[in-house]
Amino acid sequence: MIAGMQNVVKRFGNVQALDHVSFAIHEGEILGLLGPNGAGKTTVIRTLAGLIKADSGEITLLGKKQDVNNIRLKQHLGLVTQEVTVFEELTAEENLRYFGGLYGVKGDKLRQRVKETLEFVGLSEHAKKVPGKFSGGMQRRLNIACALVHSPKFLIMDEPTVGIDPQSRSYILESVKRLTMEGTTLLYTSNYMEEVQAIASRIVIMDQGKVIASGTLDELVSRIQHEETIRITVSNPSVALAERFRAIQGVKTVMHNGADYTIVSGAGSDNLNRVLMVAQQRGSVSNIVADKPTLEDVFLTLTGKKLRDEEAGV
Ligand SMILES: Nc1ncnc2c1ncn2[C@@H]1O[C@H](COP(=O)(O)OP(=O)(O)OP(=O)(O)O)[C@@H](O)[C@H]1O
Ligand SMILES: [Mg+2]
């Protein structure tokens with residue numbers, strides 16, 4: 001185990017940000033930490049990285065018992081913060097020289113690492129520009145580069161792709177995969193389940209300060225394999241239709257978002273035909289799929305809610 005925590009508790013006033021959190025990250029893997037806003041992801045990262053102290057519990061960082069004062073441990077740790085934390089008035093290159101220097105990289109080695117890291121995040125052509133002139137995606141890439149310039153063994157990324165264009169997003173995801181091929185271990189935090197599903201070797205799902213499930217994608221999905229998920233798009237959506245779906249025998253949850261409904265039924269309910277019939281009584285159906293559960297379904301089944309607020313329906 002390169003990093004992890006055991007029964008970690010952290011309170012802020014009367015908010016229990018971490019409620020007996022336990023998980024482990026093994027060398028060479030990408031552990032995806034998935035959870036909605038306020039789940040406690042950043043607090044996990046801050047306590048793991050030793051930026052704040054846990055109230056209780058045990059933390060392992062880089063194979064050792066974590067010690068907030070052990071600077072040597074931090075030399076092998078890279079941290080990509082949720083907010084972009086680069087210097088606006090320094091050029092991309094100067095930012096990298098600064099952060100590399102902080103971690104004790106010097107001379108030719110520093111020059112070489114600055115060059116390599118800029119190449120790695122695709123910013124070589126912008127080395128002499130200040131980040132104030134960058135797009136959001138480029139700023140995020142520079143933010144990642146600053147955490148990589150000292151070649152950390154263990155990299156923690158806190159929602160590195162929030163609010164960026166799809167091109168920068170896929171660039172970042174590809175880079176992350178390349179990093180692990182070069183031997184870096186990664187803790188990757190996101191509330192985009194598609195990202196976590198695409199890159200993580202194992203997944204930890206958090207909600208309200210608690211780990212509610214963990215395992216490989218297959219393991220998580222097989223936990224809810226007995227449930228059926230039907231997605232249906234109708235021409236004439238209404239709240240009343242959601243209620244009609246809810247009334248079908250065996251239906252557990254119905255999510256309604258615009259013209260789309262997601263209907264989760266219990267084991268062996270075989271509700272495809274019933275759902276279709278109910279929908280057709282109220283208008284035409286433009287699409288219907290009964291598909292393999294995704295991480296989103298795992299989350300929905302475990303918590304009764306969607307992962308991201310903006311997707312939540314009535
Ligand atoms: N410094 C703090 N002081 C008070 N409350 C805090 C502090 N940091 C976090 N919290 C609270 O702890 C809980 C967990 O917050 P945290 O930032 O860890 O969530 P998160 O999963 O990172 O969310 P997001 O996806 O929005 O970044 C929230 O209720 C938050 O309001
Ligand atoms: Mg956060």
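Structure notes:
- Computed over neighbours whose Cβ is under 12 Å from that of Lys128, the net charge equals -1, Lys and Arg +1, Asp and Glu -1.
- Here the residues Thr117, Thr184, Thr216, ranked from fewest to most Cβ neighbours within 10 Å of their Cβ, fall in the order Thr216, Thr184, Thr117.
- Estimated inter-spin distance, Gln280 and His26, nm [label 7 Å along Cα→Cβ]: 4.9
- Toward the positive end of the charge dipole of the chain, with +1 on the Cβ of Lys and Arg and -1 on the Cβ of Asp and Glu, the farthest Cα among Leu295, Gly78, Val176 is that of Gly78.
- Most tightly packed first, judged by the mean number of other beta-carbon atoms within 10 Å of their residues, the peptides 265-272, 187-194 read 187-194, 265-272.
- Relative contact order [Cα under 8 Å, 6+ residues apart], the stretch 110-262, whole percent: 14
- Residues Phe134, Phe299, Phe12 arranged by fewest to most Cβ contacts within 10 Å: Phe12, Phe134, Phe299
- Judged by the gyration tensor of its Cα atoms, with axes a ≥ b ≥ c, the stretch 39-94 is oblate; a/c meets the 1.5 cut and b/c is at least as large as a/b.
- Peptides ranked, highest mean first, by Cβ atoms within 10 Å: ranges 52-60, 96-104: 96-104, 52-60
- Listed by Cβ neighbour count within 10 Å, with the fewest neighbours leading, Thr301, Thr229 appear as Thr301, Thr229.
- Viscosity 1.567 mPa s, 4 °C: Kirkwood-radius Stokes-Einstein D of the chain over Cα pairs, µm²/s: 61
- Among the GluC sites (Glu not before Pro) in the stretch 97-188, those placed in a DSSP loop whose Cβ has at most 15 other Cβ atoms within 10 Å are Glu182.
- Computed over the stretch 22-76, relative contact order equals 21 percent, with contacts defined as Cα pairs under 8 Å that lie 6+ residues apart.
- The stretch 54-183 - Rg over Rh from alpha carbon coordinates, Kirkwood radius: 0.98
- The chain: relative contact order in percent, alpha carbon pairs under 8 Å with at least 6 residues between: 19
- Tail fraction, Cα-Cα pairs, the stretch 226-292, threshold 15 Å, whole percent: 40
- Helix-only mean residue ellipticity at 222 nm for the chain, each DSSP H run of n ≥ 4 adding -39500 (n - 2.57), per residue, nearest 500: -10000 deg cm²/dmol
- Taken along the Cα-to-beta-carbon direction at a fixed 7 Å, the label points for Asp291 and Arg72 span 5.1 nm.
Rule-based calculations on the coordinates, nothing more; no lab input. As the structure is a prediction and not an experimental result, all values here were calculated from the model. Cβ atoms come from the backbone with ideal geometry, glycine included; neighbour counts cover every protein chain shown.
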